2 protein chains.
Amino acid sequence: MTDKEFFKVTSMETALQMTRTFPCVSKEVLPLGQCVGRILSQDIVSKIDLPEFNRATMDGYAVQARSTFGASESMPALFTIVGAIEMGEVPTVSVKAGEAVRIATGGMLPDGADSVVMLEHAQALDDQTLEIFKSTAPLEHVMEIGEDFRRGEKTLLKGSRIRPQEMGVLAALGETHIPVYRKPVVTILSSGDEIVPIDQTPDLSQLRDVNAYTLTGLVQLSGAVPRYLGIARDSFDELHGFLENALAEADVVLISGGSSVGSRDFTIEAIQALADAEILFHGVSISPGKPTILACSKEKAIWGLPGQVTSAMVVLHVMVRPMLERIGGLSEGQIGVGHQVSAVLSRNLASVQGREDYVRVKLVRREDQVYAEPILGKSGLIHTMVKGDGLVRIDMNSEGLNEGTPVSVILF
Amino acid sequence: MTDKEFFKVTSMETALQMTRTFPCVSKEVLPLGQCVGRILSQDIVSKIDLPEFNRATMDGYAVQARSTFGASESMPALFTIVGAIEMGEVPTVSVKAGEAVRIATGGMLPDGADSVVMLEHAQALDDQTLEIFKSTAPLEHVMEIGEDFRRGEKTLLKGSRIRPQEMGVLAALGETHIPVYRKPVVTILSSGDEIVPIDQTPDLSQLRDVNAYTLTGLVQLSGAVPRYLGIARDSFDELHGFLENALAEADVVLISGGSSVGSRDFTIEAIQALADAEILFHGVSISPGKPTILACSKEKAIWGLPGQVTSAMVVLHVMVRPMLERIGGLSEGQIGVGHQVSAVLSRNLASVQGREDYVRVKLVRREDQVYAEPILGKSGLIHTMVKGDGLVRIDMNSEGLNEGTPVSVILF
């Protein structure tokens, strides 16, 4: 056997398919104030009409629209002011033709009124007399009952992310406690005899545990909860023990450096000794990131990641984060949304057919166009990630991309 | 005085200028693991070279590059294997012309070697004999000492956001505790006799406190810490009391509904009664969001926000969030970055000259182009924010934007 046969490389398409086989995490119920960024685990059906009554959306005068027809600056229409409604008041007056009621934004339209004339288009001559300079249409500056959300309507869908505006909707519907998915828990363990904690000064044969921190940050930004377990030496027993602990508390386990040459055999052995374990793939046709392992034990995902931090980051962005979003309950259509922007390639990029290449780029705006500018420098240098804004994918069937090609940039 | 004179409207440019007058928050030192998303409060100068020695970036064989010149599949070069170096080992062998040492990714290059030949381009015939099929260049698959970061170099700059890759750099440099800016604390108080807590069923004259939740979410996504104080009635004493409490613990105060007709006078009076208080503006030339108040007391910002939730959200996105990023220490060049994407307008948009208009849009991808599709529906409806992805700005000097215009979309 030659060294080349070490990997039976799996295509990216097949590999991604395998990442889709893991079940969603369980559900929980949270107070609304804690829900920003979380994923709804049920559809939300409105129990009320919103608004619950015809509501003014401007400060002005409630009138019957037809009484204003033909009004203009040069020929104002005269109205009689018959009252005033503050926001929060139930009107006691009603409005007939030629009558107007002062109304505040959010106020309840009085019976008879069907429109609101803005303050800017009216002038009170005295307490009872109003000039209106502009005609208004029915329902202008009025929000009709149920116009925002109707009783019985599915207002928000299971699997959608709760942004500030969805929090507002839930508040408006009186939903104080929200059914959401738990955040996936991701345990991170580093493997390798050469890895030392970052507060130690490594000797020439050691490396600080850089990846644990990078992965911690990425997992957190992926909407999951990172838990760092520490550094496992390259021994079957130690790694196996770590893995059993990791699986006990996690939905997903990341073994940093677990696919590196020194650790690879121990990683695979230690995984295979777990209950109900299966190696799904070992080696993927992407660059960087080829020596990646995905396994499962009791329906939980175990990733063996490259030791080179930049490779591990690419694998996290293109394979692990989508998986975390998916098992975190996010609907298929929203996965990856918000992590990608469009740009145009600033120069030709060569690539090798038969694998997906991920090239680091910087986003640069020139005039009205955003360009993705490939970053030079060796792929293992972390400063290429610090200088970069994201990744451009080159398809496995492509020999490269030409300058000017529209590309989608996966943001770091 | 007519109602129209109620606002002396400030131009958006002047208003934004005023938001830039507030000082940065104080600093703190955090363990590295908690730093993702935080802003560096000092430059980070590397105390070491990274890497600290010449390091292999691939599994392969360390050689002298010139010994491989001319090697090809049909005419392999023959090498003598003189040893193997595991990652984490200090080499005891050195490499002369025609010699090769098996080396693992991350391994330390032995004396004499200046390049690494990938496993794929070599084949061991026996324990001592190696065929190499491809010539390699000096420093190929080698990371040179200091190539990533040099001792004494400013590796990361004050005011930059700590992403996962910056966490990695800090870990590599052995920085266990990081100088960052505190997260700005933003107290949120709702004002208005008509506002009730969301667990109450409002009668027809009341509204649930929708805005407090929307603002809480937005403040959190802006990198600040929201603190909800509750609902102040429309009385000078109550609002003033709330404000004094709010200022005691906050860097910024948001008065939700504080600029609405019912609350506006109380808001201004209550602010003016604070120590060292000044109203900076009251009314801005944007739509929606015109009736916005900005004041300061003891160098802290106090915002009076429109009661209409969609208007309040626009003000938060275009005025408050950039201010929070700035007082949170983010460098000028990074403010707003990551919240904007480029798109092309899908249809004509009319606008009124003399004010900045913010139009809600949905992002739609067709072929290689992302389109910003204006959302129809009354501006006060929160479902327009739920259906939308972001805001397109129409300049105050513009009468509108034509279909096909490239636009920048501020993401919700």
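Just one of the numbered conditions (1) of a type outside the set (Asp, Glu); (2) without any contact (Cβ under 8 Å) to a residue 24 or more places away in the chain; (3) over 18 Å from residue A:234 (Cα atoms); (4) within 7 Å of chain B (Cβ to nearest Cβ) is not true of residue A:207: (3). Could you say whether any residue in the stretch B:173-195 is more than 19 Å from residue B:40 (Cβ to Cβ), within 7 Å of chain A (Cβ to nearest Cβ) and surrounded by fewer than 23 Cβ atoms within 10 Å (Cβ to Cβ)? Taking every residue of the stretch B:173-195 in turn, at least one turns out to be more than 19 Å from residue B:40 (Cβ to Cβ), within 7 Å of chain A (Cβ to nearest Cβ) and surrounded by fewer than 23 Cβ atoms within 10 Å (Cβ to Cβ).
Taking residue B:70, is it within 30 Å of residue A:224 (Cβ to Cβ) and of a type outside the set (Asp, Glu)? Judged against the criteria, residue B:70 is not a match. The sole residue among A:144, A:99, A:166, A:140 that is charged (D, E, K, R), surrounded by 22 or more Cβ atoms within 10 Å (Cβ to Cβ) and at the interface with chain B (Cβ under 10 Å from one of its Cβ atoms) is A:166.
When residue B:259 is evaluated against the numbered criteria (1) surrounded by 17 or more Cβ atoms within 10 Å (Cβ to Cβ); (2) touching a helix residue (DSSP H, G or I) at 6+ places or on another chain (Cβ under 6 Å), which criterion, by number, is the only one it fails? Condition not satisfied by residue B:259: (2).
Within the stretch B:30-63, the residues that satisfy the criterion of being touching a Pro at 6+ places or on another chain (Cβ under 9 Å), touching a residue at least 60 places away in the same chain (Cβ under 8 Å) and in a strand (DSSP E or B) are B:30, B:40, B:44. For the stretch B:64-102, the tally of residues that are within 24 Å of residue A:260 (Cα to Cα), under 45 Å from the mean Cα position of the chain (by Cα) and outside any strand (DSSP E or B) stands at 6. With respect to being within 11 Å of another protein chain (Cβ to nearest Cβ) and either surrounded by fewer than 21 Cβ atoms within 10 Å (Cβ to Cβ) or more than 27 Å from residue A:370 (Cβ to Cβ) (or both), residue A:304 falls outside the description.
Give me a count of the residues in the stretch B:147-160 that are crowded, with 18+ Cβ neighbours inside 10 Å and away from chain A (no Cβ under 11 Å). Walk me through it before giving the result.
Just the residues of the stretch B:147-160 that are crowded, with 18+ Cβ neighbours inside 10 Å, to begin with: B:147-149, B:155-156, B:159-160.
Right, trim to away from chain A (no Cβ under 11 Å) and you get B:159.
The total comes to 1.
The lone criterion from (1) facing chain A (nearest Cβ under 10 Å); (2) assigned to a strand (DSSP E or B); (3) without any contact (Cβ under 8 Å) to a residue 60 or more places away in the chain left unmet by residue B:372 is number (1). For the stretch B:349-394, residues that are more than 23 Å from residue B:290 (Cα to Cα), modelled with pLDDT under 90 and in contact with a strand residue (DSSP E or B) (Cβ under 8 Å, 6 or more places away or on another chain) total 4. What do you reckon, is residue A:105 farther than 28 Å from residue B:208 by Cα and of a type outside the set (Phe, Trp, Tyr)? Judged against the criteria, residue A:105 is not a match. Scanning the stretch A:333-369 for residues that are away from chain B (no Cβ under 12 Å), hydrophobic (A, V, I, L, M, F, W, C) and part of a loop (DSSP other than H, G, I, E, B) returns a single hit, A:335.
Taken over the stretch B:305-332, residues that are touching a helix residue (DSSP H, G or I) at 6+ places or on another chain (Cβ under 8 Å), modelled with pLDDT of 95 or more and not in a helix (DSSP H, G or I) amount to 1. When you look at residue A:227, is it under 27 Å from residue A:338 (Cβ atoms), buried (at least 19 other Cβ atoms within 10 Å of the Cβ) and in contact with a strand residue (DSSP E or B) (Cβ under 9 Å, 6 or more places away or on another chain), yes or no? Judged against the criteria, residue A:227 is not a match. If you check A:100, A:122 for being out of contact with any Asp or Glu (no Cβ under 7 Å at 6 or more places or on another chain) and of a type in the set (Gly, Ala, Ser), only one passes: A:100.
Take the conditions (1) on the phi < 0 side of the Ramachandran plot; (2) touching a helix residue (DSSP H, G or I) at 6+ places or on another chain (Cβ under 8 Å); residue A:159 misses just one of them, which is (1).
Within the stretch A:17-29, being surrounded by fewer than 16 Cβ atoms within 10 Å (Cβ to Cβ) and either touching a residue at least 60 places away in the same chain (Cβ under 8 Å) or within 14 Å of chain B (Cβ to nearest Cβ) (or both) holds for A:20, A:21, A:23, A:26, A:27, A:28, A:29. Of all residues in the stretch A:226-235, at least one satisfies being away from chain B (no Cβ under 11 Å) and within 21 Å of residue A:296 (Cβ to Cβ).
Filtered by the rule that a residue be within 26 Å of the chain's Cα centre (by Cα) and farther than 23 Å from residue B:163 by Cα, the stretch A:296-317 gives A:296, A:299, A:300, A:301, A:302. Considering (1) within 11 Å of chain A (Cβ to nearest Cβ); (2) surrounded by fewer than 18 Cβ atoms within 10 Å (Cβ to Cβ); (3) among the β-branched types (Val, Ile, Thr), the lone condition that residue B:36 does not fulfil carries the number (2). Within the stretch A:72-96, the residues that satisfy the criterion of being farther than 21 Å from residue B:203 by Cα and either among the polar types (S, T, N, Q) or within 12 Å of chain B (Cβ to nearest Cβ) (or both) are A:72, A:74, A:80.
The values are calculated or read from the model by the stated rules, or taken from the named source; none is laboratory data. Quantities reported herein were computed from a predicted structural model and do not represent experimental measurements. Quick reminder, even Gly has a Cβ in these numbers, built from the backbone with ideal geometry, and neighbours come from all protein chains shown.
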